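Undergrad: Would you mind keeping the following structure in view while I ask a few things?
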Amino acid sequence: EGKILALEVDNSKENLSFVTGGTDSKIVMWSDITAEKENEMLKEKEERMNKEDDLRMMNYNGEYIKALKLSIELGHKGDFVSTFKNYVNSVINTKLNTDNVKKSDIDLIIENRKIIDKEVPEIDLNSKYKESIDEIVNNKEIRELIKKNTEKVIEIIRDNNLKAGSFFYAQILLKILLKISRIEIFYKTKKDKEEEEDETLLKKKRKRPLPKNYIE
């Protein structure tokens, strides 16, 4: 931080390096690591691009749980929401269509006509929807993913809860979050948290800290 009183440059190596001595009574050795840093950044960018390609393929192949984990890792909130939509819709479609094939509009019209004409038994849609939601909410992998990334999931819920195209899916995420959390942590203030932490230290009891954005 003080003045430099002496400097020696070494051009003999591939990377430029030099030594300085100054009023802080320290000898400092410097070297140019620009190329090394650029290579690291390039490698990181390449790895990220590969993961983004993997994410697209996982969605295409219906590997939704893997895609959800990867989208959280990459910090792609939009991809997380669209993947969760695909996952929820796939579960619902599976419950409503036992052959697990997405029916065309014409197929649905024919199927409805058969139901009206009593040619096939009527499907209890409410019951099937409930089964679908229960299956999603109780999925252990989804629960574990949300538990490990609570703060990020809360942000996703907050950002999508008032959007017409995604509020239904945000509500399912919220339902899972409420199922696996103690409700008290959602309305504690910062002061409450500090007092709880002090109390925890005194009693030597472990309590879950209050993640950011809960109050918001």
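The values are calculated or read from the model by the stated rules, or taken from the named source; none is laboratory data. Keep in mind that what you see is a predicted model, and the values were worked out from it rather than measured. Positions of Cβ are backbone-derived with ideal geometry, glycine not excepted, and every protein chain shown enters the neighbour counts. The accessibility values were calculated without ligands, DNA or RNA, using every heavy atom of the protein model including side chains. Shrake-Rupley method; radii C 1.70, N 1.55, O 1.52, S 1.80 Å.
Undergrad: Please enumerate the residues belonging to the range 44-72 that are in contact (Cβ under 8 Å) with a residue 60 or more places away in the chain and open to solvent by 70 Å² or more (accessible area, probe 1.4 Å).
TA: Keep residues of the range 44-72 that are in contact (Cβ under 8 Å) with a residue 60 or more places away in the chain, which gives 65, 68-69, 72.
Lys69 - this is the single residue of the range 44-72 that is in contact (Cβ under 8 Å) with a residue 60 or more places away in the chain and open to solvent by 70 Å² or more (accessible area, probe 1.4 Å).
Undergrad: Of the residues that make up the range 136-145, is at least one in a helix (DSSP H, G or I) and modelled with pLDDT under 90? Outline the logic, then answer.
TA: Looking only at the range 136-145, we keep the residues that are in a helix (DSSP H, G or I), and these are 136-137, 140-145.
Next, from what is left, pick out any that are modelled with pLDDT under 90: none.
No, the conditions are met nowhere in the range 136-145.
Undergrad: Something else: Could you list, ordered by first residue, the pairs with Cβ atoms under 7 Å in which the first is in the range 141-168 and under 15 Å from Lys77 (Cα atoms) and open to solvent by 40 Å² or more (accessible area, probe 1.4 Å) and the second is part of a helix (DSSP H, G or I) and hydrophobic (A, V, I, L, M, F, W, C), at least 6 apart or interchain?
TA: Listed pairs, sorted by first residue: Lys152/Ile72; Asn161/Phe167; Asn161/Ala170.
Undergrad: Give me a count of the residues in the range 18-74 that are outside any helix (DSSP H, G or I), out of contact with any Gly (no Cβ under 9 Å at 6 or more places or on another chain) and charged (D, E, K, R).
TA: 3
Undergrad: Spot the failing condition for Ile4; the list is (1) surrounded by 11 or more Cβ atoms within 10 Å (Cβ to Cβ); (2) of a type in the set (Val, Ile, Thr); (3) out of contact with any Gly (no Cβ under 7 Å at 6 or more places or on another chain); (4) over 30 Å from Phe84 (Cβ atoms), and only one is missed.
TA: For Ile4, the failing item is (3).
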